[in-house]
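In what follows, a structure is listed as structure tokens, so that the remarks can point back to it.
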Amino acid sequence: MSDHNLAKGIPIPMHYGQFDDTNREFVITDPLTPAPWTQYLGNTRLAAFISQQAGGLTFYREPQNRRISRYHWLPTPQDRPGFYVYVRDHATRTTWNPHFAPTCAELEHFECRHGLGYTRFTGRRDGVEAGVRYYIPPDLDIMVWDVTISNSSNTEKTLTVSSYLEFGLLEFFREFFWCYLKNQISFEYEQQANWIKYVYHCFEAPFTPAVFFTCTRQADGFDCSRDAFVGRGGSVDRPAMTMTGSQLPGGGHGCAALGVNLQLKPGQHERFAYILGIADDWEQAEILRKKALDIDAAAAGLAGYWNRKTQVVQVTTGDAHFDRCVNVWNPLNCQVTLERTRDISVDHTGFDGMRYRDTMQDALAVATFDPEFAKERIRLIFASQGSDGSGCFSFYPYAAKPKINLEPHRCDNTVWPILTVTNLIHETGDICFLDEVIPYRDSGKASVYEHIRLGLRHIWDRRGPTGLPTLFDADWNDGLAVFRDPKAESVMLGMQMVYACNLLKPFAAMRGRDADVAWCEQVAKELDAILNSDAVWDGKWYRRLLLSNGMKLGSAARPQGKIYLEPQVWSVLSGVGRDGRGRMAMDAARELLNTSRGLMIVTPPYTGIPNPEDPLTSNVPGTGENGAIFCHANTWAIIAECILGRGDFAMEYYRKMLPSVAAEEIGQDHWGREPYVFNSTITGPARGDDFGKAGISWLTGTASWMYIAATQYILGLQPALDGLHVKPCLPSTWKKVVVQRVFRGKMREIAMPCAERFIPA
């Protein structure tokens, strides 16, 4: 599909599902979506992801060593297993699922609704309607499966309803050694407590919790064995479901199958809930089990939790795509991404820890509507910093033994904290957070202010011959690692250092740190001169990377990789693009990088590294950092255009990043991924007919920066120490904007009558 053939503004029927803005849900009416369309459930401790077919898994805090259930990424059919409810109709002798899979039995009606912190299904067959609502409340470590079974027929129904959750080894890497370890776990049903107990006692296990699965009704049958539940020669798509009462003191694959027998007269319904829970020990598990039985209280707690978060910014512009994103889906996406970083999804298998720079950026937006959670994550990040100021690639805060990955070495790690901490302090007014003392990963401890200052010094003390920061493995653009030049100099990071020093300077002045003030001024002045020298300025735009062999990437003289997006946008964000150069650079980006689906990260994409005649050693052209539309970088373009006062350009770029707009314009089949959350990349024009396909969804820095772009730059709601400044940059098509903004505990209603009027601070 070539660029000029893409539909522009002409809606294509959204046949897999659509938004229900009144109920703040996305409604999926066809379970066979192009890829799993997922939702995350969780409370920062217990977490799960669940798809439109109820596929998914659950884990506690992190999925590498605390994974509770099992999920398969590679085999077909994809998206198996999950959180299954089976309905067996004894009269028709059929077994089906309200969530369609895994039996894939035909349904007369199917609906999956992803909402704020929950997913609910409705399925109907042969006069029986089954509904299941899945959620994890904020204050209890339980996953609730709220089940309602209704008889809408004219005859009495005899039914058996059963749960199915397939347990795995908590330490996921041990799954490969299952034959040796299967005797070190056990599963048993206790009738008095009406629960299945999962006891984990693998040798040297770092985490041995009490995991249970129960039901608010007394079970009429159970199976703890996967093999007994599916039956001889069976599978989860055609289980025997005979409830043999199997227990596993050790030696097989465990599951949680609790059967409930129902006799429903016409018009009658029954409601009960399955509950998965986790506690430190069995005494605490019993206390939790009793609390968990009040599922209505748990549901009310979840609703209040999300209402508090989303009410911080509520906007009415007349643009449904913009409003629903800012009001509902973007905050949800930001919260989930900060909770999960990049650890697990249908794309990530769960071997990653928290990433230093990614998690810090994820906290940037969440500081607006959940500053305490943002602080919690910031503390963890700083605790992984070295006493020399160095960051790390990733860290595992919940590991039994401290584990930190120092490689690959990203040179930009420690430039991000000042951005997030500044936003946090401006939001809360809590300047004292700078004085909070946090330990280093190796030895000693220091204040938040000192962590930030030392991190910037770490970058400054490692410059190349031109005076710009050296690349090490890569900066924010991971793709630059393929040039294998740790002594290369990063233009982008040089610009970010100017921005960071300008943010740190007022904090230094408040503390009477005159030497730090002078250092910030010196760094900004020196870098500004270098960045506007002939070594970096290419005549119409800024170059990207100065290789140690003298080659300059991002130059018009290059056969490929002539212009990169990042230095153009950061020239404006940092203020380096003076004397009209920032505007000129953004004009060049618009001319050379813009497509109907967003701005490419680089063009022309590389067919050889570093020259066309060399072998290709990275992403194929049009994917990833090699000519794709990298959504994260596009967020900075939106901000840059707002700074330049070009609201129409900013809104154009913003809407191109919205999955709901893309799915409407090019079709849900072609877009492929969820229309309600952001993506990491979109394939570029070099991919031909694949142009416009969405990449990794949910866990991306795009989410946080899009929220900042929308709320602080397009709407212009900019927190500062002295209050909330309102400096909008609105598109000309908007006639009236009304914003409700909770700021430091007080609700403010702000009216923006038209694009031409700017409300003073």
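Laboratory data are not the source of any read-out in this text; all were calculated from the coordinates shown. Since this is a predicted model, take the numbers as computed values, not measurements. Note that we place each Cβ from the backbone using ideal geometry, even for glycine, and neighbour counts take in every protein chain shown.
Assuming 0.890 mPa s and 25 °C, estimate D for the range 387-449 with Stokes-Einstein, Rh taken as the Kirkwood radius over Cα pairs, in µm²/s. The partial results should precede the final answer.
Details: Rh = 13.4 Å.
In µm²/s, the coefficient rounds to 184.
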- Listed by chain and number, the aspartates and glutamates with an alpha carbon less than 15 angstrom from that of Lys727, same-chain partners under 8 positions apart left out, are Glu641, Glu749, Glu756
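Taking 25 °C and 0.890 mPa s as the conditions, I'd like the Stokes-Einstein D for the range 465-514 in µm²/s, using the Kirkwood hydrodynamic radius from alpha carbon pairs. Before the final figure, lay out each step's value.
Numbers: Rh = 12.3 Å.
Stokes-Einstein gives a translational diffusion coefficient of 199 µm²/s.
Subtract the Cα-Cα distance of Arg45 and Leu616 from 0.36 nm times their separation in residues, and report this length gain in nm to one decimal. Don't skip to the answer; put the middle values down first.
On the way: separation 571, 0.36 × 571 = 205.56 nm, distance 4.23 nm.
So the extension gain works out to 201.3 nm.
What percent does the relative contact order of the range 158-240 come to when contacts are Cα pairs within less than 8 Å and at least six residues apart? Kindly include the intermediate steps, with their values, before the conclusion.
Numbers: 75 pairs, mean separation 15.7, N = 83.
Computed value for the range 158-240: 19 percent relative contact order.
Can I get the semi-axes of the range 463-581's equivalent ellipsoid? Compute them from the C-alpha gyration tensor as square roots of 5 times the eigenvalues, in angstrom, largest first.
On the way: eigenvalues 140, 48, 27 Å².
Result for the range 463-581: semi-axes of 26, 15, 12 Å.
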- Loop-only check: which chymotrypsin sites (Phe, Trp or Tyr not before Pro) in the range 294-391 are DSSP coil with at most 12 other Cβ within 10 angstrom? Phe351
- Fewest to most neighbouring Cβ within 10 Å: what's the order for Ser490, Ser596? Ser596, Ser490
- Residue (of Leu302, Gln64, Val236) at the positive-pole extreme of the range 39-307, dipole from beta-carbon charges: Val236
- Pairs of lysine residues in the range 39-307 - Cα separation under 29 Å, sequence separation of 8 or more or cross-chain: 4
- Item | Residues whose placed amide H lies under 5 Å from that of Phe743, excluding near-sequence neighbours | Arg748
- Show that you can apply the helix-only estimate: for the chain, add -39,500 (n - 2.57) for every DSSP H stretch of four or more residues, divide by all residues, and state [θ] at 222 nm to the nearest 500. -8000 deg cm²/dmol
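What ranking, highest mean first, results for peptides 691-700, 629-638 when packing means the other Cβ atoms within 10 Å averaged over each residue?
629-638, 691-700
May I ask you to derive the FRET efficiency for Asp461 and Lys727 from their Cβ-Cβ distance with R0 = 45 Å, giving the value to the nearest 0.05? Write out the running numbers ahead of the final one.
Working: r = 36 Å, r/R0 = 0.79.
About 0.80, to the nearest 0.05.
Could you work out the Kirkwood radius for the chain, taking every pair of different alpha carbons, averaging 1/r and inverting it, reported in Å?
Values: mean 1/r = 0.0365 Å⁻¹.
When all Cα pairs of the chain are included, the Kirkwood radius is 27.4 Å.
If R₀ is 22 angstrom, what is the calculated FRET efficiency for the pair Gln522 and Glu436, using the beta carbon separation as r and rounding to 0.05? Intermediate values should be presented prior to the final figure.
Details: r = 28 Å, r/R0 = 1.25.
Calculated value: 0.20.
In debye, nearest 20: dipole of the range 463-581 around its Cα centre with unit charges on the Cβ of K, R (+) and D, E (-)?
Numbers: 15 positive and 14 negative charges, 44 e Å.
Dipole of the range 463-581, to the nearest 20 debye: 220 debye.
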- Could you sort out which of Lys693/Lys746; Lys445/Lys746; Lys375/Lys746 sit more than 30 Å apart by Cα distance in this structure? Lys693/Lys746; Lys445/Lys746
- Cα centroid of the range 185-261 to Cα centroid of the range 594-617, whole Å: 52
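At a 10 angstrom cut-off on C-beta neighbours, averaged per residue, how do the peptides 640-646, 142-148 rank from highest to lowest? Mind showing how you got there, number by number?
Values: 640-646: 21.1, 142-148: 23.1.
With the highest mean Cβ count within 10 Å placed first, the list reads 142-148, 640-646.
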- Query: Could you state the principal axis extents of the C-alpha atoms in the range 106-257, from the largest down, to the nearest angstrom?
  - Reply: 56, 39, 32
- Task: Determine, for each peptide in 597-603, 275-281, the mean count of other beta carbons within 10 angstrom over its residues, then list the peptides with the highest first.
- Result: 597-603, 275-281
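Between Trp178 and Lys403, what length comes free when the chain is fully extended (0.36 nm per residue of separation minus the Cα-Cα distance, one decimal in nm)? Write out the running numbers ahead of the final one.
Details: separation 225, 0.36 × 225 = 81.00 nm, distance 2.46 nm.
Going from the current span to full extension adds 78.5 nm.
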- Task: Name the aspartates and glutamates eligible as straight-distance cross-link partners of Lys487: C-alpha to C-alpha under 15 Å, and not fewer than 8 places from it in the same chain.
- Result: Asp412, Asp461, Asp473, Asp475
- Query: Looking at the range 349-462 from every direction and averaging, what is the projected area of its Cα convex hull in nm²?
  - Reply: 7.2
- Expressed as an acute angle from 0 to 90° and rounded to the nearest 10, what is the orientation of the C-alpha long axis of helix 282-292 relative to the principal long axis of the chain? 90
- Message: Between helix 631-643 and the chain, what is the angle of the helix's C-alpha long axis to the longest principal axis, kept within 0 to 90° and rounded to the nearest 10?
- Response: 50
- Note on the structure: Rounded to the nearest 10 degrees, the helix 647-657 long axis (Cα) sits at an angle to the longest Cα principal axis of the chain of 40
